[in-house]
Each structure stands twice: as C-alpha cells, then as structure tokens.
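Below is one structure; the comments refer to it alone.
The values are calculated or read from the model by the stated rules, or taken from the named source; none is laboratory data. Remember, it's a predicted structure, so these values are computed and weren't measured experimentally. Reconstructed Cβ throughout: ideal geometry from the backbone, glycine too, with neighbour counts over all protein chains shown.
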Amino acid sequence: MRVTPRGGRDSLVAGTEEHLAARLAAAPVDGAANDALVALVARHFGVAKRDVALVAGQTARLKRLTIKGDPATLAQRAASLYAAES
C-alpha cells in the first residue's frame, strides 16, 4: 500500500501492479494516519478493523498490511479498484 497522508479526503484507489494507493486526511502524527489507513481498508474490504494489521512500514509511505477474511472475496474487492480505473 502506498499512502499519502494529508491527502484531502480518505480514499482507496488502484496503484501499480505491486500495490494499492491510499489518500488519507489524517496527518502522520502519533500513528493517526496508520489508524485511518486501517479503518479505510477495513471499510473497503468489508471486514472489522481488528482483521486488518499493519505488519511493515509504520513510518514509511509504503506499508504492508494483512487482511483476514475470505481470500476470494478480498481479491474481488481489490480487483474492483482496478476495474473502476478502466
């Protein structure tokens, strides 16, 4: 996930083949942007916030997340971001 804090409003969009992109209104202060990212990803993928974990990149723009849930459903939701770009 490539994150842009202070990006206006919260949105999740297609990025490159390697990652999705997220714009967050929150500033990268005291973990606020990371918390906003977890909430945004949970909302988009239809899972609880406790099912989304930030596993790498706590202070970087590129972050690695894990999402617990049905792999087919999660893949379909991720693919929908790229379909919306077409």
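Restricting to strands (runs of 3 or more DSSP E) lying wholly in region 1-67: which have 1 or more residues that are of a type in the set (Lys, Arg)?
Because the criterion is at least 1 residues that are of a type in the set (Lys, Arg), the strands (runs of 3 or more DSSP E) in region 1-67 that meet it are 2-4, 21-23, 64-67.
Among the numbered conditions (1) touching a residue at least 60 places away in the same chain (Cβ under 8 Å); (2) touching a Leu at 6+ places or on another chain (Cβ under 9 Å), tell me where residue 62 comes up short.
Here residue 62 clears every test but (2).
Condition check ((1) within 17 Å of residue 14 (Cα to Cα); (2) within 13 Å of the chain's Cα centre (by Cα)) across all residues:
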position	(1), (2)
52	no, yes
59	no, no
72	no, no
77	yes, yes
82	yes, no
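Could you run through region 18-34 and say how many residues are more than 14 Å from residue 64 (Cα to Cα), out of contact with any strand residue (DSSP E or B) (no Cβ under 6 Å at 6 or more places or on another chain) and among the charged types (D, E, K, R)?
Of the residues in region 18-34, 1 are more than 14 Å from residue 64 (Cα to Cα), out of contact with any strand residue (DSSP E or B) (no Cβ under 6 Å at 6 or more places or on another chain) and among the charged types (D, E, K, R).
Results for (1) in contact (Cβ under 8 Å) with a residue 40 or more places away in the chain; (2) under 16 Å from residue 78 (Cα atoms); (3) buried (at least 19 other Cβ atoms within 10 Å of the Cβ), shown as yes or no for each residue.
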{"position": "5", "(1), (2), (3)": "no, no, no"}
{"position": "8", "(1), (2), (3)": "no, no, no"}
{"position": "22", "(1), (2), (3)": "no, yes, yes"}
{"position": "29", "(1), (2), (3)": "no, no, no"}
{"position": "32", "(1), (2), (3)": "no, no, no"}
{"position": "36", "(1), (2), (3)": "no, no, yes"}
{"position": "39", "(1), (2), (3)": "no, yes, no"}
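Can you find a residue in region 66-80 that is in contact with a strand residue (DSSP E or B) (Cβ under 6 Å, 6 or more places away or on another chain), modelled with pLDDT of 90 or more and exposed (fewer than 13 other Cβ atoms within 10 Å of the Cβ)?
yes
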